[in-house]
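The values are calculated or read from the model by the stated rules, or taken from the named source; none is laboratory data. Note that the structure is predicted; figures quoted are calculated from it, not measured. Ideal geometry is used to build each Cβ from the backbone, glycine not excepted, and the neighbour counts take in all protein chains shown.
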């Protein structure tokens, strides 16, 4: 099985960026991998119009099918009230004038608003999300979930964007937090027995000190998973064969814990193709022509 991994498309950022996304999806279609994973930040502002444009593009290239596509949300897809204000255009004065409104939004944002945004994303891409195994008993947004694939492969998606109890301690809307209880529950699902297990999340798992060396301490603090250490320890207690993520805009392969390979496709100039055969995993780094 061949699995293509993209992340951080940020559709709607600029016309030039959008043109690159069109070309990237067309290139992928020409190579005909079996499945496409997009690990968050599909859009720049979390707008319905951005998602609609991407859905159309995926339909046109034969991807919008649950057997061929898995998507999860990034922080740009969920916290639209923030990214509408501070990542729209180059008018810094206009952004400054919107600051009080955005500050009120951050202060008031809680569990209810988060679940509403998560459900909005889920409904926008419901056509790619049938036949999931979840912990939910209703039709609500299914995170975490398992998608069983051919050749005894399982995709396990967890949600890393929420920071509890409220968003006020995440003023840039970029930190992550993972519900360890539901993650442990889904990782212990009996359907995962004797399968190659690929974990999907949006936020990166690079140690904060290394990100600080590369990008500065402020950036590292703003983009980290708050309970990263606990999550890595949890993953080490289960047999995870591969982790796919984005968020941190680099293109790299690294390891966590007990030699669990991690693929970061957040650097949009390139992407990864992963070949899986008889539980053996080969990772290829590819660049757009």
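Observations on the structure shown:
- Restricted to segment 198-289, the set of strands (runs of 3 or more DSSP E) holding at least 1 residues that are at pLDDT 95 or above and surrounded by fewer than 13 Cβ atoms within 10 Å (Cβ to Cβ) comprises 251-256, 280-287.
- For segment 65-72, the criterion of a residue being at negative phi, surrounded by 23 or more Cβ atoms within 10 Å (Cβ to Cβ) and touching a residue at least 60 places away in the same chain (Cβ under 8 Å) is satisfied by at least one position.
- When restricted to residues that are crowded, with 20+ Cβ neighbours inside 10 Å and modelled with pLDDT of 95 or more, segment 12-56 contains 12.
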